[in-house]
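So the structure is just underneath, and the comments pick up after that.
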Amino acid sequence: MIIVMEENASEEQVVKVVDRLVNLGFDIHRSTGARYTILGAVGSRLADIRSLELLDGVQKVVRVSSPYKLAARSFKPEGTRIRVKDVVIGGDQVVLMAGPGVIESREQIEVIADALAKKGVRALCGSAFRSSSDPFGFQGLAEEGLKILREMTDRHMMLAVSEVTDVAQLNLFVKFVDIIQVGARNVQNFALLKELAKLNKPVILTRGVSSTIEETLMSADYLMISGNHQVIICESGIRTFETYTSLTLDVSSIPIIKKLSHLPVIADPSRGTGRRDKVPPMARAVVAAGADGLLIEVHHDPEHALCDAAQSLTLEQFDKLAGQLRVTASAVERKL
């Protein structure tokens with residue numbers, strides 16, 4: 001249930017409405033916009049809308065029919081902007097996040113970070129704990145990888161983005177990472193989401209390969225109901241009957257999620273296609289569709305990468321793509 005306060009509602013009136021809702025058994029989540037204060041009341045208990053609408057300072061009360069409440073567009077109609085240091089995700093700028101799929105060595109990440117920083121990339125991505133179905137493949141550098149990532153991002157004044165795979169890793173991520181990514185395999189790992197919600201860190205929530213949009217937004221509610229409203233939805237492909245690409249990047253999900261939810265939406269065309277020759281056209285497509293950012297895998301020597309070689313762009317390919325994306329962003333009245 002959403003309670004929209006009047007534009008000139010006083011703080012005392014807001015507090016009285018909150019107290020009334022708490023007494024009725026609801027959990028309250030407050031969103032203060034430029035003009036209105038909106039209260040999200042989450043709970044299964046029924047309440048008489050008319051009695052709430054008669055409270056001083058209340059403009060209207062809206063029942064939310066969708067199973068997700070806090071991620072719904074009605075909770076924050078103007079949309080959410082997430083600020084991490086000097087980077088804003090969900091604003092006018094399309095934010096580029098790029099880096100190797102997995103941090104392999106200090107030398108590797110130094111070369112890539114230096115090249116990306118010169119191209120204006122604001123966030124450096126790299127996994128230290130690899131989430132893979134191959135038990136014999138490279139599993140990442142663990143804590144050492146996160147330390148290297150932090151060192152490189154501090155050197156180039158970039159944000160550090162990395163994927164968490166287990167609750168036990170959270171102490172390290174709090175120390176070394178600016179934006180924590182939840183991969184597709186963990187989108188419904190509710191124990192992990194509950195612990196992440198306790199941290200004051202933005203979270204990229206990746207849609208599962210078999211998850212519906214509704215299920216993804218319900219997972220976002222898991223983070224938000226526990227206190228973390230800094231949630232970014234990532235579309236990285238779903239499993240269909242097509243086998244040419246590793247997954248099918250669902251470009252249509254971007255405008256759909258932006259209509260249903262106030263949360264920023266980004267896309268990962270690297271994992272979504274699994275082929276570097278398909279990354280540029282899909283990257284241009286998701287920017288045109290309204291994505292607030294991109295996750296792109298880049299490697300200085302992809303032919304000798306320890307994993308995910310086929311989906312990683314070369315530095316030269318990324319440079320060319322960045323120029324194309326500036327044109328695409330401008331065409332849809334965005335900046336890169």
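For Thr165, indicate whether it is in contact (Cβ under 8 Å) with a residue 12 or more places away in the chain and of a type outside the set (A, V, I, L, M, F, W, C). So Thr165 fits the description; yes. For segment 32-53, does any single residue satisfy the condition of being closer than 30 Å to Leu149 by Cβ and touching a residue at least 24 places away in the same chain (Cβ under 8 Å)? Within segment 32-53, none of the residues are closer than 30 Å to Leu149 by Cβ and touching a residue at least 24 places away in the same chain (Cβ under 8 Å). Of all residues in segment 308-336, those that are within 26 Å of Arg130 (Cα to Cα) and in contact (Cβ under 8 Å) with a residue 12 or more places away in the chain have Cβ atoms under 8 Å from Cβ atoms of residues that are assigned to a loop (DSSP other than H, G, I, E, B) and among the hydroxyl-bearing types (Ser, Thr, Tyr), 6 or more apart or on another chain, in Gln311/Ser246.
Is at least one residue of segment 94-106 outside the structural domain of Val286 (by TED's automatic domain parsing), in contact (Cβ under 8 Å) with a residue 60 or more places away in the chain, buried (at least 22 other Cβ atoms within 10 Å of the Cβ) and not aliphatic (A, V, I, L, M)? Among the residues of segment 94-106, not one is outside the structural domain of Val286 (by TED's automatic domain parsing), in contact (Cβ under 8 Å) with a residue 60 or more places away in the chain, buried (at least 22 other Cβ atoms within 10 Å of the Cβ) and not aliphatic (A, V, I, L, M), which makes the answer no. Here segment 3-30 is the region considered, the condition is being crowded, with 17+ Cβ neighbours inside 10 Å and modelled with pLDDT under 90, and the residue that is nearest to the chain's Cα centre (by Cα) is His29. Reported count of residues in segment 194-223, each being in contact (Cβ under 8 Å) with a residue 40 or more places away in the chain and either in contact with a strand residue (DSSP E or B) (Cβ under 6 Å, 6 or more places away or on another chain) or under 21 Å from Arg276 (Cα atoms) (or both), is 6. Checked against the criterion of being part of a strand (DSSP E or B) and either in contact (Cβ under 8 Å) with a residue 12 or more places away in the chain or more than 17 Å from His299 (Cβ to Cβ) (or both), segment 131-147 has no qualifying residue.
The values are calculated or read from the model by the stated rules, or taken from the named source; none is laboratory data. In this text the structure is predicted, and so the values were computed from the model without any measurement. A quick note on method: Cβ atoms are made from the backbone with ideal geometry, for glycine too, and the neighbour counts reach across all protein chains shown.
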